[in-house]
Amino acid sequence: MPDTKAAEAKTKSQENCLEIFLQAVPSKLQVSGGREIAFTRAMLSMVNTGHAALAGIVPHATFAQERGIVHDATDALSRSKIVESIQPGETVKWDVYDLLLAAHPGVASKVHLWGYKAVLDWWLDFVAWAEYRTPDVAMPQQTPKHQWKLRWSPAKSRADEIDLALEVVKD
């Protein structure tokens, strides 16, 4: 029986304690002329589902536009929010639109010239994962890689509204 308890404890300590998900959130976006439009944002969330604080968090993400060149957004994640630890039940969030502008120079320069319309109707491949440490395991652990396709498009109902399509990509 002691061997079973040791195996159970080992399995518990190796379980993934950091869940990652992406969700569409209604928001507003400032556009030219000082106007605001309805803009659905993609929010990347990392939540500690374990019973202990997670430390040494290193979030990672990449973007690829229509299966083009992959742009690493890891620095943009770290610059926008430094996460030293995540307490049990705590969630850390990032705005994917802002990450895209910080991590992808081509998109950022197009948005600078033409505004938000530069990102419309392009499929973006977005991948996110993280490394972290738990108090009972010395070696850093890594979450599985999560992959989505996302696309901002004008809403069918109103001209001044931007919708977001999100698809989970399975390996």
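The values are calculated or read from the model by the stated rules, or taken from the named source; none is laboratory data. No experiment lies behind these values; they were computed from the predicted model shown. Cβ: placed from backbone, ideal geometry, glycine included. Neighbour counts: every protein chain shown. With ligands, DNA and RNA removed, areas are computed over all heavy atoms of the protein, side chains included. Shrake-Rupley method; radii C 1.70, N 1.55, O 1.52, S 1.80 Å.
When Ile57, Ile82 are checked against the criterion of being open to solvent by 50 Å² or more (accessible area, probe 1.4 Å) and either part of a loop (DSSP other than H, G, I, E, B) or under 22 Å from Cys17 (Cα atoms) (or both), Ile82 stands alone in meeting it.
When Ala102, Ala108 are checked against the criterion of being in a helix (DSSP H, G or I), in contact with a helix residue (DSSP H, G or I) (Cβ under 8 Å, 6 or more places away or on another chain), within 28 Å of Leu18 (Cα to Cα) and open to solvent by less than 90 Å² (accessible area, probe 1.4 Å), a single residue qualifies: Ala102. When region 60-79 is filtered for residues that are outside any strand (DSSP E or B), surrounded by 13 or more Cβ atoms within 10 Å (Cβ to Cβ) and hydrophobic (A, V, I, L, M, F, W, C), the ones remaining, listed by number, are Ala73, Ala76, Leu77. Entry remark, region 112-161: residues being over 17 Å from Glu66 (Cα atoms) and open to solvent by 20 Å² or more (accessible area, probe 1.4 Å) number 26 in total.
Among the residues of region 93-144, those that are hydroxyl-bearing (Ser, Thr, Tyr) and touching a residue at least 24 places away in the same chain (Cβ under 8 Å) comprise Tyr97, Tyr116, Tyr132, Thr134, Thr143.
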